[in-house]
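Here is the structure we will look at.
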Amino acid sequence: MARAQHLCLSGLLTLLHAGVLGAQPVPPPTALPAVVEPAPPAPPAPPAAPVSMPAPAPTPAAEGPRTAVIDAAPIGVDAAAGRYVTNVLREAITALGFQVIPQAELYDAARRLALPFPVPTDGIFTLERALQAPLAVTAEVRAAQGQYVVHLRVRVAVEPDERTHDVTATQFQLGAAIREALPPLLVPPHVTQGTVPEVSAATGEPTVTASTEATATPPVRRRRRPRAHPQRWEVSVGAIAALGPGRDGFVNALIAARVAYFPKDRLGISLSADYVNLRGREGRVSNVLFLAGVETAVDLLPERRVFIPLRAEIGYLPSNGPVFRLTAGVSFSLARRVRLNLDLLSPTLWVLPESTPVTLDLGAHLVVGF
């Protein structure tokens, strides 16, 4: 009996101990959030009136001169650098309002002309004529001290020399430097080299302002060379004294009549018939000397119409033989159609049957042109 009570008491203690160990506190109930009634939806706003957006302005067509942009030549650098510079040139020149010739047309003309690469100066001029382009642009690309050096070349058809400019920049600044250097090189020939046209940011076309207005220089008139023979035909009459030097000196007298024709100024042909009074074996004799020659003139004082006539003649003296004469002198203008020619140095060779004397002739001729 006592044992049964002991067992019951042990079981009761065990149950109490288990209850103490397994009991857990119960958390307080969490308050439920208050339910908020949704606000009634706002009435929809009235539709706004449609706003008319301005249509984008069309890109203006280039109206500048046709321009041949020849591929840039890479010299000692990668070919990609040359292609990059070529693209920058084409884009920048197009933005300035010039008509860049398509590459297909450019390459076709270069192949027909068999031009080398890089294109030399005379080749650029030939290409401009073939493409009927007044302007051509190219470049040469090099590298120095870690930077690119671009030698820009602009060929204006009406100018004798190329316009050149060197641009030095890194690979990150090269494009901007080329775009900045181009406008001064593309100034038209009638604009002074010191003025640079501004480029409109809106249209990309060159604009002229009061400070950069083109100063048209008056054309330089080429000074006309005075004509030594204003008229094509000339007739002259004069007197000549033929002096025979040496111990056995003599003097022959000539009365000359000459007609000359000048197809060009300072170049003419002449025919003359001279009455000559010669020293003969038994006294003075008369004869007629026929001469043909060519004539020109050299400037002495062209502003005052003073020239040096030069003439070479060959003739024949009947019953004697050939005659050769070289003449140099001075020609003075007396009136619009009248001149006075003085023969100051005129050696003459007379080929006679028995001898060949030489005379030094002095003469004066009155020349009339018509």
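If I filter region 317-332 for residues that are out of contact with any strand residue (DSSP E or B) (no Cβ under 8 Å at 6 or more places or on another chain) and free of Cβ contacts under 8 Å to residues at least 60 places away in the same chain, do I get at least one hit? Taking every residue of region 317-332 in turn, none turns out to be out of contact with any strand residue (DSSP E or B) (no Cβ under 8 Å at 6 or more places or on another chain) and free of Cβ contacts under 8 Å to residues at least 60 places away in the same chain. Determine if region 279-296 includes at least one residue that is loosely packed, with under 15 Cβ neighbours inside 10 Å and within 48 Å of the chain's Cα centre (by Cα). The answer is yes, given that some residue of region 279-296 is loosely packed, with under 15 Cβ neighbours inside 10 Å and within 48 Å of the chain's Cα centre (by Cα). Scanning region 69-126 for residues that are buried (at least 20 other Cβ atoms within 10 Å of the Cβ) and of a type in the set (Lys, Arg) yields nothing. Annotation note: of Ala273, Ala364, Ala292, the sole residue that is in a strand (DSSP E or B), in contact with a Leu (Cβ under 6 Å, 6 or more places away or on another chain) and within 22 Å of Leu243 (Cβ to Cβ) is Ala364.
Checked against the criteria, Arg155 does not count as more than 13 Å from Ala72 (Cα to Cα), out of contact with any strand residue (DSSP E or B) (no Cβ under 7 Å at 6 or more places or on another chain) and of a type in the set (Lys, Arg). Checking each residue in region 276-289 for being of a type outside the set (A, V, I, L, M, F, W, C) and either out of contact with any Ser or Thr (no Cβ under 8 Å at 6 or more places or on another chain) or in a loop (DSSP other than H, G, I, E, B) (or both) picks out Arg279, Gly280, Arg281, Glu282, Gly283, Arg284, Ser286. In this structure, does Asn341 turn out to be surrounded by 14 or more Cβ atoms within 10 Å (Cβ to Cβ), under 14 Å from Ser270 (Cβ atoms) and in the same structural domain as Leu362 (by TED's automatic domain parsing)? Judged against the criteria, Asn341 is a match. The residues in region 327-349 that are out of contact with any Ser or Thr (no Cβ under 6 Å at 6 or more places or on another chain) and assigned to a strand (DSSP E or B) can be counted, and the count is 13.
For region 224-281: of the residues being more than 19 Å from Ile308 (Cβ to Cβ) and among the aromatic types (Phe, Trp, Tyr), which is modelled with the lowest pLDDT? Restricting to residues being more than 19 Å from Ile308 (Cβ to Cβ) and among the aromatic types (Phe, Trp, Tyr), the top hit is Phe250. Among the residues of region 252-263, is any exposed (fewer than 13 other Cβ atoms within 10 Å of the Cβ), in contact with a strand residue (DSSP E or B) (Cβ under 8 Å, 6 or more places away or on another chain), under 17 Å from Pro357 (Cβ atoms) and not small (Gly, Ala, Ser)? No: region 252-263 contains no residue that is exposed (fewer than 13 other Cβ atoms within 10 Å of the Cβ), in contact with a strand residue (DSSP E or B) (Cβ under 8 Å, 6 or more places away or on another chain), under 17 Å from Pro357 (Cβ atoms) and not small (Gly, Ala, Ser).
Pairs meeting the criteria (first residue in region 115-126 and assigned by TED's automatic domain parsing to the domain that holds Val137, second residue part of a loop (DSSP other than H, G, I, E, B) and buried (at least 18 other Cβ atoms within 10 Å of the Cβ), beta carbons under 8 Å, at least 6 apart or on different chains) are Phe117/Asp71; Val119/Ile70; Gly123/Leu115; Ile124/Ile70; Thr126/Leu115.
Kindly indicate whether any position in region 130-150 is β-branched (Val, Ile, Thr), more than 17 Å from Gly82 (Cβ to Cβ) and in the same structural domain as Asn87 (by TED's automatic domain parsing). Within region 130-150, not a single residue is β-branched (Val, Ile, Thr), more than 17 Å from Gly82 (Cβ to Cβ) and in the same structural domain as Asn87 (by TED's automatic domain parsing).
Taking region 79-104 as the range and being over 15 Å from Ile178 (Cα atoms) and either in contact with a strand residue (DSSP E or B) (Cβ under 9 Å, 6 or more places away or on another chain) or of a type in the set (Phe, Trp, Tyr) (or both) as the test, the residues that pass are Ala80, Gly97, Phe98, Gln99, Val100, Ile101, Gln103. Residue count for region 151-178 satisfying the condition of being surrounded by fewer than 17 Cβ atoms within 10 Å (Cβ to Cβ) and either outside the structural domain of Ala110 (by TED's automatic domain parsing) or under 15 Å from Arg66 (Cβ atoms) (or both): 2.
The values are calculated or read from the model by the stated rules, or taken from the named source; none is laboratory data. In this text, all values refer to a predicted model and were calculated from it rather than measured experimentally. Note that each Cβ is placed from the backbone with ideal geometry, even for glycine, and that neighbours are counted across all protein chains shown.
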